[in-house]
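The values are calculated or read from the model by the stated rules, or taken from the named source; none is laboratory data. Given the structure is predicted, the values throughout are model-derived calculations rather than measurements. Cβ coordinates were reconstructed from backbone atoms using ideal geometry, including for glycine residues, and neighbour counts include every protein chain displayed.
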Amino acid sequence: MNEVKVAMVGFGGIAQSHKHAYEQLEAAGEPVRLVAICDVDPSRFTSASETNLGAEGAANLAGIRTYTDIEEMMRNEAFDMADICVPSYLHKEYAVKMMKAGKDVLSEKPMALNSADCEEMLRTARECGRKLMIGQCLRFEPSYLYLKQCIDSGCFGRLKNLFMDRLSVHPMWGFEQWYTKTEKSGGCILDLHIHDIDMARFLLGEPESVSTVSYDDITRWQVVNTRLFYKNVTVIATATWDEAPTTKFSAGFRARFEQASVVLNNEGLTVYPNSGKPYHPDIPRANRMAEEIRKLASMVRDRSQTNEANPPESAWQTVRLIERLRESADQGGKRIDIQA
Ligand SMILES: NC(=O)c1ccc[n+]([C@@H]2O[C@H](COP(=O)([O-])OP(=O)(O)OC[C@H]3O[C@@H](n4cnc5c(N)ncnc54)[C@H](O)[C@@H]3O)[C@@H](O)[C@H]2O)c1
């Protein structure tokens with residue numbers, strides 16, 4: 001295969017970021033190309049999009065064929081990989097459909113609304129011999145990879161504690177306001193908090209026990225605070241969909257090591273050593289969406305490659321852990337054993 005041809009399903013907010021990633025990869029000579037897009041709402045092809053990072057102008061779709069009917073797209077287009085950017089409640093249905101049609105699949109996070117649906121996706125990938133990647137994109141983000149390197153190498157000594165946060169207004173945008181319906185989005189805990197919970201698992205593995213407190217408003221689990229207890233370290237993660245509409249989205253971490261703090265906030269990544277001046281570490285300038293697409297496309301071309309960075313089995317385990325956090329939250333923050 002010379003070039004991996006991609007068809008996208010859903011062209012709302014996150015799809016536009018994916019499209020930028022394809023443009024970057026194509027400009028860099030990477031053999032992967034977006035050839036077609038399907039969205040049930042044709043106005044998406046000509047109008048601006050909105051995400052928690054703000055609104056964007058209409059995309060330039062020159063050279064890309066557009067469809068409003070997925071069956072028609074599948075009949076007309078010869079593509080290798082499907083990029084699923086529909087709302088979360090449709091991930092399983094479309095990922096399974098595409099894999100059964102012989103396509104490899106990138107599907108946005110959360111993997112699905114519940115762990116049973118994740119299991120069906122994994123089973124389909126196995127039975128159909130397809131590559132499946134879930135868009136847990138932080139696993140490709142240079143500042144989080146730097147943090148992982150600090151933890152694994154012990155360059156600042158042992159990690160003592162880690163705070164992570166992700167603060168957003170309530171997402172009132174999106175297709176038929178699907179974010180505002182818990183049964184469609186899973187609430188902030190599954191949609192937003194999942195990034196940090198997945199990252200904690202990526203950095204440190206499975207916690208020994210967990211405790212979550214949360215409150216409900218427009219959606220269930222709208223503001224959440226979780227403690228993940230590991231043997232020698234506690235991770236404290238907060239996520240909210242309840243910021244004032246005039247605030248800006250913010251996300252980051254504060255990692256306290258024995259010899260330094262490593263901090264990511266809207267100003268960037270900074271190391272604060274116990275002695276000496278703070279500095280910005282030299283990290284690659286990479287687009288995490290482009291990196292995840294690059295990795296999957298390369299696995300599509302060379303099928304012997306495996307996906308150690310972001311296996312779908314791990315995305316499933318993250319959804320399972322979110323289910324345990326909900327159990328804890330629904331019992332007022334009860335500490336729940338995970339590894340027992
Ligand atoms: N990785 C990240 O950081 C990140 C960030 C934002 C959103 N997301 C995830 O991406 C997914 C999409 O979120 P969004 O904010 O782009 O939502 P959105 O509502 O803006 O976009 C979804 C698009 O899907 C289209 N659609 C709905 N039903 C369809 C169908 N049956 N067939 C084809 N198209 C259909 C809608 O018209 C809409 O354009 C969600 O699962 C969300 O959790 C991930």
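Scanning region 14-31 for any residue that is farther than 20 Å from residue 296 by Cβ and buried (at least 18 other Cβ atoms within 10 Å of the Cβ) turns up nothing. Specify which of the listed residues (228, 204) is more than 16 Å from the ligand (Cβ to nearest atom) and either at positive phi or in contact with a Lys or Arg (Cβ under 9 Å, 6 or more places away or on another chain) (or both). Of 228, 204, the one residue that is more than 16 Å from the ligand (Cβ to nearest atom) and either at positive phi or in contact with a Lys or Arg (Cβ under 9 Å, 6 or more places away or on another chain) (or both) is 228. Scanning region 300-310 for residues that are within 19 Å of the chain's Cα centre (by Cα) and under 13 Å from residue 106 (Cβ atoms), we see that the one that is modelled with the lowest pLDDT is 307. Scan region 1-19 residue by residue and report those that are more than 13 Å from the ligand (Cβ to nearest atom) and out of contact with any Phe, Trp or Tyr (no Cβ under 9 Å at 6 or more places or on another chain). Scanning region 1-19 gives 1, 2, 3. Name every residue in region 188-201 that is touching a Ser or Thr at 6+ places or on another chain (Cβ under 7 Å), among the hydrophobic types (A, V, I, L, M, F, W, C) and more than 13 Å from the ligand (Cβ to nearest atom), in order of residue number. Scanning region 188-201 gives a single hit, 197. Which of the residues that make up region 317-340 are at pLDDT 95 or above and among the small types (Gly, Ala, Ser)? Passing the criteria: 328, 329, 332, 333. When you check residue 289 against the structure, is it closer than 22 Å to residue 21 by Cα and touching a Cys at 6+ places or on another chain (Cβ under 8 Å), yes or no? For residue 289, the condition - closer than 22 Å to residue 21 by Cα and touching a Cys at 6+ places or on another chain (Cβ under 8 Å) - is met. None of 175, 163 is under 29 Å from residue 283 (Cβ atoms) and of a type in the set (Phe, Trp, Tyr) except 163.
Counting the residues of region 260-298 that are under 30 Å from residue 33 (Cβ atoms), not in a loop (DSSP other than H, G, I, E, B) and not small (Gly, Ala, Ser) gives 8.
For residue 305, the test of being among the polar types (S, T, N, Q) and either free of Cβ contacts under 8 Å to residues at least 40 places away in the same chain or touching a helix residue (DSSP H, G or I) at 6+ places or on another chain (Cβ under 6 Å) (or both) is passed. Identification of strands (runs of 3 or more DSSP E) wholly contained in region 118-236 with 3 or more residues that are among the hydrophobic types (A, V, I, L, M, F, W, C) yields 132-135, 159-169, 223-229.
Among the conditions (1) of a type in the set (Val, Ile, Thr); (2) within 16 Å of the ligand (Cβ to nearest atom); (3) surrounded by fewer than 20 Cβ atoms within 10 Å (Cβ to Cβ), residue 124 misses just one, which is (2). Might you let me know whether region 25-39 holds any residue that is more than 9 Å from the ligand (Cβ to nearest atom) and either modelled with pLDDT under 95 or of a type in the set (S, T, N, Q) (or both)? So far as region 25-39 goes, no, none of its residues is more than 9 Å from the ligand (Cβ to nearest atom) and either modelled with pLDDT under 95 or of a type in the set (S, T, N, Q) (or both). From the list 168, 153, 143, 185, the lone residue that is small (Gly, Ala, Ser) and either closer than 30 Å to residue 303 by Cβ or more than 16 Å from the ligand (Cβ to nearest atom) (or both) is 153.
Scanning region 69-87 finds no residues that are within 16 Å of residue 10 (Cβ to Cβ), in contact (Cβ under 8 Å) with a residue 12 or more places away in the chain, among the β-branched types (Val, Ile, Thr) and more than 13 Å from the ligand (Cβ to nearest atom). Looking across region 254-279, the residues that are closer than 13 Å to residue 146 by Cβ, touching a strand residue (DSSP E or B) at 6+ places or on another chain (Cβ under 6 Å) and of a type outside the set (A, V, I, L, M) come down to 257, 270, 279.
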